[in-house]
Every structure is written in C-alpha cells, then in structure tokens.
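For reference, the structure discussed in these notes is given below.
The values are calculated or read from the model by the stated rules, or taken from the named source; none is laboratory data. Small disclaimer: the values here were computed from a predicted structure and weren't measured. Cβ coordinates were reconstructed from backbone atoms using ideal geometry, including for glycine residues, and neighbour counts include every protein chain displayed.
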Amino acid sequence: MWETLAGSLLGGIFRCIPEVMKFFDAKNERKHELDMQDKAMQFQKIKGDQRIDEIVEQGQQSWNEGALDTLKEAIKGQSVKSGVKWVDALSSMMRPIITLQWVVILYPAVIVCQIVAMFNGGTPLIQAIPLVFGEAEKALVGGILNFWFLGRVFDKVK
C-alpha cells in the first residue's frame with residue numbers, strides 16, 4: 001500500500017511540474033509582451049515628437065518665406081516715386097541718414113563709452129573690448145552688412 005501511495009504522490013508531483021513550468025513560462029511571456037508594448041509606445045512617442053518637430057520647422061519656414069515676401073513688398077513700395085522732387089529726395093535719404101545716425105554715430109559712441117567706463121573701473125582694455133562687443137553686436141553688424149551689400153546683389157539679380 002505504501003508503494004501505491006508513494007507512486008500516486010510521485011505521479012502527482014511529476015504531473016504538477018509541467019503546470020508550474022507553464023505558469024512561470026506564461027509569467028515571462030506576459031512580462032515580455034508588456035516590455036514589447038512599452039518599446040512600441042516609446043517608438044510611437046519618438047515618432048510623434050519627430051513629426052511635431054517637422055511641422056514646427058515647416059511652419060517656421062513658411063513664416064520666414066512670408067516675412068521675406070513682405071519685406072520685398074515693403075522695399076518695393078518704398079521705391080515708388082511720388083512725383084514731388086524734394087519728397088522723393090527726402091524719402092531716398094531716410095535709410096542712409098538713419099544708418100549714419102544710429103550705426104555710425106550713436107551706437108559706436110555707446111560702445112566706446114562702455115569700454116571707457118570698464119577701463120576706468122579697472123578692467124584691462126584687452127578684456128573690455130570683447131566684453132562690450134558681444135553676440136548682439138555681431139548680429140547687428142551682420143544684419144547691416146547683409147542689408148547694404150546682399151540687398152544690392154539681389155537687386156542686380158532681378
């Protein structure tokens with residue numbers, strides 16, 4: 001009788017082993033499926049972020065093109081003559097006068113005053129100049145040069 005009982009018990013244990021193995025295997029499969037879904041969601045998020053970036057870039061490009069077209073139209077409108085000589089002469093002198101006033105006289109005077117103030121405050125001259133002439137000033141000079149020289153190139157191309 002003990003042999004029958006031991007045989008039944010061993011048979012039951014051996015019958016349960018595959019079920020326990022199936023349980024752990026199913027658990028691992030579910031974990032793998034969840035991991036795969038997480039990866040798919042991350043991929044979709046990255047893909048969506050890239051699409052948003054593309055849309056933003058397209059919008060910026062469209063805005064830039066519209067701004068350039070508006071600038072061209074404004075410049076074209078400024079070149080239309082009124083027929084009154086002194087009005088046309090004054091109109092054609094506005095850009096050079098404003099450029100001379102702000103770019104040649106006032107803005108350099110401000111920079112020189114800042115350099116002098118820093119120098120008087122104890123900053124060596126060789127350090128004061130780069131501190132005063134920063135990125136904003138470089139951008140301003142670049143914009144002015146583009147306006148005066150590239151504008152003429154585009155006018156010649158037309």
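If I filter the range 8-17 for residues that are surrounded by 10 or more Cβ atoms within 10 Å (Cβ to Cβ), among the small types (Gly, Ala, Ser) and under 35 Å from the mean Cα position of the chain (by Cα), do I get at least one hit?
Scanning the range 8-17 turns up no residue that is surrounded by 10 or more Cβ atoms within 10 Å (Cβ to Cβ), among the small types (Gly, Ala, Ser) and under 35 Å from the mean Cα position of the chain (by Cα).
Only one of Ala117, Ala40, Ala74, Ala89 is under 27 Å from Ile144 (Cβ atoms) and not assigned by TED's automatic domain parsing to the domain that holds Leu140; which? Please lay out each step first, then the result.
Values: Ala117 fails: not assigned by TED's automatic domain parsing to the domain that holds Leu140; Ala40 fails: under 27 Å from Ile144 (Cβ atoms); Ala89 fails: not assigned by TED's automatic domain parsing to the domain that holds Leu140.
Just one listed residue meets the conditions, Ala74.
Residues Ala117, Ala128, Ala74: which one is at pLDDT below 85 and out of contact with any strand residue (DSSP E or B) (no Cβ under 7 Å at 6 or more places or on another chain)? Lay out the reasoning, then the answer.
Values: Ala117 fails: at pLDDT below 85; Ala128 fails: at pLDDT below 85.
That would be Ala74, the only listed residue that is at pLDDT below 85 and out of contact with any strand residue (DSSP E or B) (no Cβ under 7 Å at 6 or more places or on another chain).
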